[in-house]
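Taken together, the values in this text are just the output of simple stated rules run on the coordinates, not laboratory data. None of these values were measured; they are calculated from a predicted model. Ideal geometry is used to build each Cβ from the backbone, glycine not excepted, and the neighbour counts take in all protein chains shown.
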Amino acid sequence: MNLLFQPLKLGELNLANRIVMAPMTRSRADENAVPTELMVEYYRQRASAGLIIAEGTAPSADGLGYCRTPGIFNELQVSAWRKVTDAVHAEGGLIVLQLMHVGRAASRYNKPEGARTVAPSAIRANVQLYSDAAGMVDTDEPHALTTEEVQAVVEDYRRAAILAREAGFDGVELHCTSGYLPMQFMASGSNQRTDQYGGSVANRVRFPAEVLAAMADSIGAGRVGYRMCPGNPYNDIVDEDPVATAVALMQAVADLPLAYLHIMRSPVTGLDAFALVEEHSTVQLIINDGFDGESAERSLDNGHGQAVSFGRHYVANPDLVERLRNARPLATLNRKTLYTAGAEGYTDYPAWAV
Ligand SMILES: Cc1cc2nc3c(=O)[nH]c(=O)nc-3n(C[C@H](O)[C@H](O)[C@H](O)COP(=O)(O)O)c2cc1C
């Protein structure tokens, strides 16, 4: 029996198969960070995945920083997301929301009036990002959060998890990689704090651990997962010991019966992220990066991971589950339309025509 097509229980989440759609920012929300009708159609088309992890979504206005990305912090967003989750559920699918606070990886050009760019310390990320208003721009110099403000951000995530449930999501995933706020706290280069959220590695993982605990407390640990990629340098992240950092976070949340850990291969030579989390994590694993149907199946057969997530293949293959099941060829994505507004390269990839 092909394990990929077997059901799986991850915490409170009952997956019909082990093919997971990885979270992907596609920049099709409106200018107020509200999900659009196009997004309803896009996720509906992909509902045969065992689990959809919807794109990185800001838990607060401060958490926005890219073009046309969605939020989950007001009623308009909740009702718009409700259409997405209803459409996926009507097709028999399961969908969780990835909560992504970009922290310092942000430009004021992509933020609403009054929203701030915040980080553990006032250290700018040396990267540029795209804005509709001004093209490629430098990231903002971030405001270093006070201790009380850090705790307020934890509460923002708690509220976002509650709103995600109100919007019909089956759970949430905390984005702890790619140089966004949780990883900015975890990495020694971007966190120079002297309070309980900085310094030792135990202190640096305190922020994501508190966020996970708050979300587990408010919606149930079995509906909360988190994503890591040890040693990921994306968005100007430097960490003196990525292995120690990843282990510290797993240990800090070991008492929470979380739904899953979504683990990506590490870009660091010699760092086997899958082996590392198999040794230290107490929860089930969704593995990611660079899989096709065959390698995914082989990995599950060999006992590495309980489910496999696919990112790029899901861009061009809305019916990825059916294509893998029937050994159909996979379509290739068009990179040019990954982040452009509109239906082209988004909802117009057809399912396999029989
Ligand atoms: C267009 C695009 C947008 C992405 N956005 C996110 C995101 O919002 N959150 C996240 O955790 N990863 C994001 N990723 C990474 C994917 O989730 C995934 O880890 C990556 O594509 C590798 O998996 P793959 O080899 O199956 O594509 C994005 C990837 C792509 C291609």
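Which percentage, to the nearest 5, of the DSSP beta bridges contained in the chain is antiparallel?
20 percent
For a Förster distance of 25 Å, can you work out the FRET efficiency between the beta-carbons of Gln128 and Asp195, rounded to the nearest 0.05?
The formula returns an efficiency of 0.25 here.
At Glu166 and Glu31, where each label point lies 7 Å from the Cα along Cα→Cβ, what is the point-to-point distance in nanometres?
2.6 nm
Going highest first, how would you order 224-235, 29-40 by mean Cβ packing within 10 Å? Could the numbers behind the result be given before it?
On the way: 224-235: 23.8, 29-40: 18.8.
Going from most to least packed, we get 224-235, 29-40.
Using the basic label-point model (7 angstrom from Cα toward the beta carbon), what is the Glu91 to Asn302 distance in nanometres?
Between Glu91 and Asn302, the simple spin-label model gives 3.2 nm.
According to the square roots a ≥ b ≥ c of the eigenvalues of the Cα gyration tensor, what is the shape class of region 86-235, taking rounded for a/c under 1.5, prolate for a/b larger than b/c otherwise, and oblate for the remainder? Kindly include the intermediate steps, with their values, before the conclusion.
On the way: a/c = 1.87, a/b = 1.28, b/c = 1.46.
Judged from the Cα gyration tensor, region 86-235 comes out oblate (a/c at least 1.5, b/c at or above a/b).
For a protection proxy built on the mean count of beta-carbon atoms within 10 angstrom, sort 129-136, 155-162 highest first, please.
Ranked from most to least packed, the peptides come out as 155-162, 129-136.
Using 7 Å Cα-to-Cβ label points, what is the Ala327/Thr269 separation (nm, one decimal)?
3.8 nm
How much of the DSSP beta bridge set in region 1-147 is antiparallel, as a percent to the nearest 5?
Restricted to region 1-147, the bridges split so that about 45 percent are antiparallel.
Around Asp30, which amide H atoms from residues at least 5 apart in sequence, or from another chain, sit under 5 Å from its own amide H, with H modelled in the peptide plane?
Thr36
Using the crude model of +1 on Lys and Arg Cβ and -1 on Asp and Glu Cβ, and no other charge, please compute the dipole size for the chain relative to its Cα centre, in debye to 20.
500 debye
Arranged by the count of other C-beta atoms within 10 angstrom, fewest first, what order do Met21, Met250, Met100 take?
Met250, Met21, Met100
Search the structure for amide H atoms under 5 Å from the amide H of Met100, placed 1.01 Å from N in the peptide plane, and list their residues when 5 or more places away or on another chain.
The list, which skips near neighbours in sequence, is Thr57, Ala58.
Apply the Karplus parameterisation 6.51 cos²θ - 1.76 cosθ + 1.60, with θ equal to phi minus 60°, to every residue of region 199-204 and state each ³J(HN,Hα) to the nearest whole Hz, in sequence, with x for glycine and proline.
Values per residue, Gly and Pro as x: x, 5, 5, 4, 6, 5 Hz.
Normalising by the residue count of region 1-107, find the relative contact order in percent from Cα pairs under 8 Å and 6+ residues apart.
29 percent
Report, please, the projected area of region 44-107 averaged over directions, based on the convex hull of its C-alpha atoms, in nm².
With every direction weighted equally, the projected area is 4.4 nm².
With the chain treated as a Gaussian network of Cα nodes joined by springs under 10 Å, which of Arg46, Arg328, Arg193 yields the largest mean-square fluctuation?
Maximum among the listed residues: Arg328.
Does region 281-354 come out rounded, prolate or oblate by the C-alpha gyration tensor, with a ≥ b ≥ c the root eigenvalues, rounded set by a/c under 1.5 and, if not, prolate when a/b is larger than b/c and oblate if not?
Values: a/c = 2.92, a/b = 1.64, b/c = 1.78.
Oblate, because a/c is 1.5 or more while a/b does not exceed b/c.
Rounded to the nearest 0.05, what FRET efficiency is calculated for His143 and Ala351 with R0 set to 51 Å and r the Cβ-Cβ distance?
Details: r = 46 Å, r/R0 = 0.91.
The calculated FRET efficiency here is 0.65.
At a 10 angstrom cut-off on C-beta neighbours, averaged per residue, how do the peptides 5-18, 307-320 rank from highest to lowest?
307-320, 5-18
So what is the relative contact order for the chain, in percent, with contacts set as C-alpha pairs under 8 Å and at least six apart? Walk me through the numbers on the way to the answer.
Details: 824 pairs, mean separation 60.1, N = 354.
Once normalised by length, the contact order is 17 percent.
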